[in-house]
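Undergrad: The structure is given below, and queries will be raised subsequently.
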Amino acid sequence: NASLASPHVVAYVSALLVELAQRYPAVTGFRVDWPEYPPYDFNSALFDFNPAVCADIEREGGDAARIADDVAQWAARLRRAAVAAAPHGPGAAKDALIAADWAALAGADGPLVELYAAKRRAALRLLIACRAALDALPGRRRRLEPQAFPPPFHRMSGFPLDALDGVVDAVGIKLYTMHWPMLARYWARDLLDDAGDAAAMNALTSAVADLFGFTDALDADGSALRYPEPQQRHPVGARAQKTKLREAASLAGDVAVRAFVHSYGPLSDFMARFNLAAGTDLPLWINRYGYLSDAKLDAIAHRDRPA
């Protein structure tokens, strides 16, 4: 990961957008992917203490060294809890993570608040700079539509979902559900740090998936929670997907939210996700055209026709 707080990164992204707009004047706008800190694993959720971030924290009256120490101590407590409880099953692992202050990841107070506020400021400044760069170009106005993780990950990623009015034209919220079980497994891997066997890993993966709202109920085993092959269904919950889209739309306020659905998976699984997202009345974007098929395209075309 690069630091979004780095002025060099901001200058690079802004210059890239300007060059693209100049080279392709017919383009109406740009979708910016990952203008945030993707929290694919536990360590990524604790990034970033780049000097640019530390300087920003100090300007805001904080103590970067003290914050880093608080974050490190919290992370160590969470890891100890995970290692001790994972061998006793998903329920025990979930309870132990909660007791070790898992809620700090999305809480309004605690050891992560100042770090996450700095990440949010960095992401917002990046998007504001992108908007300003595009607005400075002659000709028609170009749209700016970032794509981001759904709640609660916007807190960890720094994505300023509730502060984008006047900055972006819409936000794409990723229901990239093949990533969700993988994300839970990566977090479990980092928390255990090779301290547990396969059963402990599965149990902790199940606990993490439940705590993040990936599943509609605590998985008793957790072994199926891994990145699915293109022909496999995505082991995620329907209620979980709806909840994340609704939370995103509520936080975004007047900024339009688009549901981004991945085309992976067998026909029935893909159509279940498609219909779920379409049922929220949000505009829908299907990602990865290459994983569609004649059968999927036909099912989409006929979904609203009377029998």
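The values are calculated or read from the model by the stated rules, or taken from the named source; none is laboratory data. What you see is a predicted model, and the numbers here were worked out from it, not measured in a lab. Heads up, the Cβs are rebuilt from the backbone with ideal geometry, glycines too, and the neighbour counts pull from every protein chain shown. These area figures cover heavy atoms from the full protein model, side chains too; ligands, DNA and RNA do not enter into them. Shrake-Rupley method; radii C 1.70, N 1.55, O 1.52, S 1.80 Å.
Undergrad: Just checking, how many residues over segment 191-217 are in contact with a helix residue (DSSP H, G or I) (Cβ under 9 Å, 6 or more places away or on another chain) and in a helix (DSSP H, G or I)?
TA: Just the residues of segment 191-217 that are in contact with a helix residue (DSSP H, G or I) (Cβ under 9 Å, 6 or more places away or on another chain), to begin with: 191-193, 195-197, 199-217.
In the following step, the residues that additionally are in a helix (DSSP H, G or I) were identified as 191-192, 199-211.
Within segment 191-217, residues that are in contact with a helix residue (DSSP H, G or I) (Cβ under 9 Å, 6 or more places away or on another chain) and in a helix (DSSP H, G or I) number 15.
The rows are residues; the columns are (1) under 25 Å from A224 (Cα atoms); (2) of a type in the set (S, T, Y).
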residue	(1), (2)
E247	no, no
S250	no, yes
G265	yes, no
D269	yes, no
L276	yes, no
N287	yes, no
L292	yes, no
L297	no, no
I300	no, no
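Undergrad: Just one of the numbered conditions (1) buried (at least 23 other Cβ atoms within 10 Å of the Cβ); (2) at pLDDT 95 or above is not true of D95; which one?
TA: The single condition D95 does not satisfy is (1).
Undergrad: Would you pick out the residues in segment 220-242 that are under 17 Å from the mean Cα position of the chain (by Cα) and farther than 25 Å from G89 by Cβ?
TA: The answer is Q241, K242.
Undergrad: Okay, moving on. When the residues of segment 56-67 are narrowed to those that are without any contact (Cβ under 8 Å) to a residue 40 or more places away in the chain and in a helix (DSSP H, G or I), which ends up least open to solvent (accessible area, probe 1.4 Å)?
TA: It comes out as A64.
Undergrad: Does A203 satisfy the criteria of being surrounded by 23 or more Cβ atoms within 10 Å (Cβ to Cβ) and at pLDDT 95 or above?
TA: Taking the combined requirement at face value, the residue satisfies it.
Undergrad: Could you list, in sequence order, the residues of segment 104-123 that are open to solvent by 40 Å² or more (accessible area, probe 1.4 Å) and under 28 Å from G172 (Cβ atoms)?
TA: A106, A108, V113, R120, R121
Undergrad: Applying the selection to segment 135-147, what residues are more than 12 Å from L164 (Cα to Cα), among the acidic types (D, E) and open to solvent by less than 60 Å² (accessible area, probe 1.4 Å)?
TA: Across segment 135-147, there are no qualifying residues.
Undergrad: Here's another thing I want to ask about it. For P35, indicate whether it is surrounded by 16 or more Cβ atoms within 10 Å (Cβ to Cβ), touching a Pro at 6+ places or on another chain (Cβ under 8 Å) and either more than 19 Å from Y186 (Cβ to Cβ) or modelled with pLDDT of 95 or more (or both).
TA: yes
Undergrad: Test of understanding: among V257, V261, which residue is farther than 14 Å from Y176 by Cβ, part of a strand (DSSP E or B), in contact (Cβ under 8 Å) with a residue 12 or more places away in the chain and in contact with a Leu (Cβ under 7 Å, 6 or more places away or on another chain)?
TA: Among V257, V261, only V257 is farther than 14 Å from Y176 by Cβ, part of a strand (DSSP E or B), in contact (Cβ under 8 Å) with a residue 12 or more places away in the chain and in contact with a Leu (Cβ under 7 Å, 6 or more places away or on another chain).
Undergrad: If you go through segment 266-285 one residue at a time, do you hit one that is over 17 Å from Y176 (Cβ atoms), aliphatic (A, V, I, L, M) and in a loop (DSSP other than H, G, I, E, B)?
TA: For segment 266-285, residues over 17 Å from Y176 (Cβ atoms), aliphatic (A, V, I, L, M) and in a loop (DSSP other than H, G, I, E, B): absent.
Undergrad: Quick check: is even one residue across segment 229-251 in a strand (DSSP E or B) and in contact with a His (Cβ under 9 Å, 6 or more places away or on another chain)?
TA: no
Undergrad: Of (1) open to solvent by less than 10 Å² (accessible area, probe 1.4 Å); (2) on the phi > 0 side of the Ramachandran plot; (3) in contact with a Gly (Cβ under 8 Å, 6 or more places away or on another chain), D101 satisfies all except one. Which?
TA: Answer for D101: the failing condition is (1).
Undergrad: Which of the residues spanning segment 1-32 are surrounded by 13 or more Cβ atoms within 10 Å (Cβ to Cβ), in a helix (DSSP H, G or I) and in contact (Cβ under 8 Å) with a residue 12 or more places away in the chain?
TA: Residues satisfying the conditions are V9, V10, V13, S14, L17, V18, A21.
Undergrad: Tell me, yes or no, whether segment 2-10 has at least one residue that is farther than 25 Å from M178 by Cβ and in contact with a Ser or Thr (Cβ under 9 Å, 6 or more places away or on another chain).
TA: Yes, segment 2-10 contains at least one residue that is farther than 25 Å from M178 by Cβ and in contact with a Ser or Thr (Cβ under 9 Å, 6 or more places away or on another chain).
Undergrad: Another question, then. Would you point out the residue of segment 163-190, among those that are in contact (Cβ under 8 Å) with a residue 60 or more places away in the chain and assigned to a loop (DSSP other than H, G, I, E, B), that is surrounded by the most Cβ atoms within 10 Å (Cβ to Cβ)?
TA: L164
Undergrad: Quick one: A132 ticks every box in (1) crowded, with 18+ Cβ neighbours inside 10 Å; (2) part of a helix (DSSP H, G or I) bar one, so which box is it?
TA: (1)
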